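Reading through the structure tokens given below for one structure.
The values are calculated or read from the model by the stated rules, or taken from the named source; none is laboratory data. Here the structure is a predicted model, which is why all the values come from computation and not from measurement. No Cβ is skipped: glycine too gets one built from the backbone with ideal geometry, and neighbour counts run over all protein chains shown.
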Amino acid sequence: MISLNVNNTNYSVDVDPATPLLWVLRDILGLTGTKYGCGIEVCGACTVMIDGQREHSCVFDVSSAAGKKVVTIEGLSPDNSHPAQEAWIKHQVPQCGYCQPGMIMACASAMEAGHYGDEILSEMKHICICGTYARIKDAVREL
Amino acid sequence: MTMTTLTSTLPTDEIAATLATEKLNRRGFLKFSANGLALAFALPLLGRSDAADAAITTQELANAYIHISPIGTISLAFGGAEMGQGSMSGLAQILAEELMVDWAQISVVQALANPVISYTTGGSSAVSRRYTTLRTAGAAARELLVAAAMQETGDTNRDNFKAANAKIFYVPDAQIWWEYGELASAAAGMTLPADLRLTSPADFRLIGKPLPRVDIPAKVDGSAKFGLDIFLPGMVFAAIKHCPTIGGTLKSMPAKPSGAIAVVACTASHTRGSVIAGSKNAVAVVASNTWLASRLAKKMSVSWSLPLSTANVDSAQILAYAQGQLGNGVALVAEPTPPATYTPQTFAPVIQADVANAMGTPTIDATYTVPYLAHATMEVLNCTVHIVYSGTAPVSCEIWAPTQSATAVAANAALLTQLPTTAITVHTTFLGGGLGRKIEQDYIWQAIEVAMAVRKPVKLTWMREEDFGHDQYRPLGLTRVKAKLAGGKIQAWSYRTVSQSITAQRGRLKAGSVDSQAIEGAIHLPYELGNYLVEWVPLDAGVPVGYWRSVGASINTFAVESMMDELAKAAAIDPFTFRYNHFKSEDSRALATLQAADLLSSSWRKQLPAGRAWGVAIAQAFGTWVCEVVEISQPAAGTLRIHRVDCVVDCGTVINPSSVEAQMQGSILHGLNATLWGDAVFKAGVATKLNFNSNRVMRLTEMPAVRVQIIPSTNPPSGIGEPGVPPLAPALANAYARLTGTRIRKLPFFPNATMGGI
């Protein structure tokens, strides 16, 4: 059994320790806000925060998350009140919306590290196929 | 304004039961009482002609409805697909306008397909083709409420009643007014007035305003449910493994790997083409989670029967064959249309002779090549199915799918399970991108087959490598254009395009007829071309092809607008001016769009720094004109930097300008990805680029500045999802030719680009 703390809730999961955290979140805990995009750390859709750091959960072994604090999009705020979420709504960023949890988590972790505006953007090399990039830039430049 | 899955006041089962049996009246409505007022109607359908739509007013089953409950909840049932294009909001915006309610007072409910309340989303038609129908329906519901108020007062003068803010006001007495909810039940019993009084566009409160989209809050907190997010109690997880060689089939059933729950053979659906359809071309491994299923599937050794030849699924061989077909293939005339006095057979030689005569030696004779392209939706293909059994017999089937056609999903479920359609429920989830890929049924079939085999709720996922490797690709296209200039004007134009027909591959194209999608963007050009001929040569190849955002226009606009630029250069005339000189007088919208783009970009184009260049292209697709002007530089050999794209769009009446802007921004990115890097390559039947590391796309940090200007218009609305894609490729190639003197006629610019991790 592996003990996890996700969004301030403790879980015990019985799973191959090499299972990527992404699939434990999605298929075992039912926390489906974190997305699968490529499985090879290229797209960023699976981004979560682990002990305040941005991580790609698609390649992060669940066993390595034991004893750490994992924050997913569901745990970012109870009511869409994180400044990044507010900026995303104000600028009407999402189209299909699939990559946005990863984008927002990357943005939030950069904010956590004390970065602002273009500094944050320079760390967000994520892929969006819909083309929300321009509005993400507008949203992030307010942060 | 909210987006809900189901509201408690909405008697969905009762409504569905009525809609499944009751026909529309001769005016195209079905009104009935169901915890308030339900007004059902039929939205125009994709693939059905305007004439057929005009005839749907009688004896048709409804595919949409409005519901107003006694407590005043106002809901629009949305039977389409929300894949990012904003149609869910756009439709509600139109309805709210005519219903005289505020944006905050209306809810959108994603309807179930069982199988009545749904339709296929595609062709950039989701909102534009439904504009009038929805306005009329909104007005009809409003007038039924007014009629109920008239009955209460006994006053039969319609002018004494005013609808606003979801209330009916009695004008002669300010003390008398009703909430819509108070009138809803009575309204269901009223007779629809003859005069439905549509709102004058000058009085629009909501149409044309950048209202916030209903789906966005759920898309920033992780609560939006895409297909991949469906999570059911007791569910199991399946990963698909196709025969890597397209056209190959399962030779023998592999043993179930240790750790797996099951292995299931899967059948190719009809959408994969008539040659492949019906074959067992994949197996699904079922396990306790998706990652485990995918690992087991990857490691599992499967023996496949490979096709005798893979020549027709090999990029190099297909290209060589297409080049031959360009010269020797049987060409079908796409335009001009033969006059009544000719048959197509006698017409072709005459027009060919006329064009050859006018052409003499062409000023330019160029062949433009575009490759197969994958869709690469961010959400991979997936489908969740729960079939309930009684003993060995299925009793009901419930499906959750990111699909552009819940109607087709329901029909396929009925076919595979042999259940009546009344026992089948399809939930359309949010789509993590559709782009034309999720109209197909291959992944749906597989999931149903797996659910039938394991008899548990199951979610089937295509891991990214399967999604790239077994797409239904944008067809490869080769186009040879010859044109003759005289005095700066085109006097002859010969256009011949070779491409695989999506329709023909599915056995639905009449032999000897032109596939209308293959020539989108090649005909009805806005230009005077002198003696001209547009021909299409069908290409018989085995790559499964499908509808990729903008379909044939993505092939042909590259050829047409590149050629226009080459001719402008040959004539030593500015590319804008050259186009102005060739516009047909009746194409005033093309002219106005180009002029607006000219003006919008003129300040920066006229003071370009050294080392930069611009390119322009304009095209119409799905009724919408789009012109794009691109600014580029080349920091080093083999690189390209896109600095900006100016975009002007004329899509007729605008429903939501913010959505139009977003769709243009998205189409431009889609065009950039395809033009710079997009290239699905097949070697001996096997797709070679299987993840984003070999399918380079633009990252956020690389995105150029995009400005979108919308031309004000009172014309009927036209599509916005796709028309922004086609002009990008030629605009970029035209800029590149201006910058470097080198003309790129074969896409992509950088065929072997890769991407690293982040």
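Some points to look at:
- B:T497 being within 29 Å of the chain's Cα centre (by Cα), in a strand (DSSP E or B) and either in the same structural domain as B:V626 (by TED's automatic domain parsing) or in contact (Cβ under 8 Å) with a residue 12 or more places away in the chain (or both): yes
- Of all the listed residues (B:K456, B:K489), the sole one being among the charged types (D, E, K, R), over 30 Å from A:V42 (Cβ atoms), assigned by TED's automatic domain parsing to the domain that holds B:C397 and modelled with pLDDT of 95 or more is B:K456.
- Screening B:R455 with (1) in contact with a Lys or Arg (Cβ under 7 Å, 6 or more places away or on another chain); (2) surrounded by fewer than 24 Cβ atoms within 10 Å (Cβ to Cβ) gives one miss only, at (1).
- Selected residue (criterion: farthest from the chain's Cα centre (by Cα)) from residues of the stretch B:425-442 that are buried (at least 24 other Cβ atoms within 10 Å of the Cβ) and hydrophobic (A, V, I, L, M, F, W, C): B:V426
- When we screen B:R135, B:R158 for residues that are surrounded by fewer than 23 Cβ atoms within 10 Å (Cβ to Cβ), more than 40 Å from the chain's Cα centre (by Cα) and in contact (Cβ under 8 Å) with a residue 24 or more places away in the chain, the only hit is B:R158.
- Residue within the stretch B:590-612 that is within 19 Å of B:K482 (Cβ to Cβ), surrounded by 22 or more Cβ atoms within 10 Å (Cβ to Cβ) and not hydrophobic (A, V, I, L, M, F, W, C) present: no
- Check on B:A297, of a type outside the set (S, T, Y), touching a residue at least 40 places away in the same chain (Cβ under 8 Å), part of a helix (DSSP H, G or I) and outside the structural domain of B:D540 (by TED's automatic domain parsing): yes
- Among the residues of the stretch A:14-50, those that are of a type in the set (S, T, N, Q) and farther than 17 Å from A:M1 by Cα comprise A:T32, A:T34, A:T47.
- Here B:A733, B:A753, B:A737, B:A705 are screened, and the one residue that is surrounded by fewer than 18 Cβ atoms within 10 Å (Cβ to Cβ), touching a Lys or Arg at 6+ places or on another chain (Cβ under 8 Å), of a type in the set (A, V, I, L, M, F, W, C) and under 27 Å from B:S602 (Cα atoms) is B:A705.
- Scanning the stretch B:216-227 for residues that are crowded, with 22+ Cβ neighbours inside 10 Å and more than 7 Å from every other protein chain (Cβ to nearest Cβ) yields a single hit, B:G227.
- The residue that is farthest from the other protein chains (Cβ to nearest Cβ), among those in the stretch A:97-136 that are assigned to a loop (DSSP other than H, G, I, E, B) and hydroxyl-bearing (S, T, Y), is A:Y116.
- Pairs linking a residue in the stretch A:8-35 that is more than 9 Å from chain B (Cβ to nearest Cβ) to a residue that is assigned to a loop (DSSP other than H, G, I, E, B) and among the β-branched types (V, I, T), with Cβ atoms under 8 Å and 6 or more positions apart or on different chains, are A:L25/A:T32; A:L25/A:T34; A:L25/A:T72.
- Selected residue (only one of B:K482, B:K510 is touching a residue at least 60 places away in the same chain (Cβ under 8 Å), out of contact with any Leu (no Cβ under 8 Å at 6 or more places or on another chain) and assigned by TED's automatic domain parsing to the domain that holds B:G724): B:K482
Yes or no, residue by residue, for (1) among the polar types (S, T, N, Q); (2) on the phi > 0 side of the Ramachandran plot; (3) out of contact with any Gly (no Cβ under 9 Å at 6 or more places or on another chain); (4) modelled with pLDDT of 95 or more:
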residue	(1), (2), (3), (4)
B:W304	no, no, no, yes
B:S315	yes, no, yes, yes
B:A322	no, no, no, yes
B:Q325	yes, no, yes, yes
B:P339	no, no, yes, no
B:T343	yes, no, yes, no
B:A348	no, no, yes, no
B:G360	no, yes, yes, yes
B:E379	no, no, no, yes
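- Which listed residue is farther than 19 Å from A:I127 by Cα and not assigned by TED's automatic domain parsing to the domain that holds B:A596, from B:K746, B:K683: B:K746
- Qualifying residues in the stretch A:78-96 (those that are assigned to a helix (DSSP H, G or I) and either surrounded by fewer than 20 Cβ atoms within 10 Å (Cβ to Cβ) or facing another protein chain (nearest Cβ under 9 Å) (or both)) - the one farthest from the chain's Cα centre (by Cα): A:K90
- Of the residues making up the stretch B:376-401, just one is among the charged types (D, E, K, R) and out of contact with any helix residue (DSSP H, G or I) (no Cβ under 7 Å at 6 or more places or on another chain), namely B:E398.
- Tally, over the stretch B:412-455, of residues that are closer than 26 Å to B:C243 by Cα, in contact (Cβ under 8 Å) with a residue 12 or more places away in the chain and more than 14 Å from chain A (Cβ to nearest Cβ): 21
- For the stretch A:48-77, a residue qualifies if it is of a type in the set (V, I, T) and either in contact with a Pro (Cβ under 7 Å, 6 or more places away or on another chain) or not in a loop (DSSP other than H, G, I, E, B) (or both), and the qualifying residues are A:V48, A:I50, A:V59, A:V62, A:V70, A:V71, A:I73.
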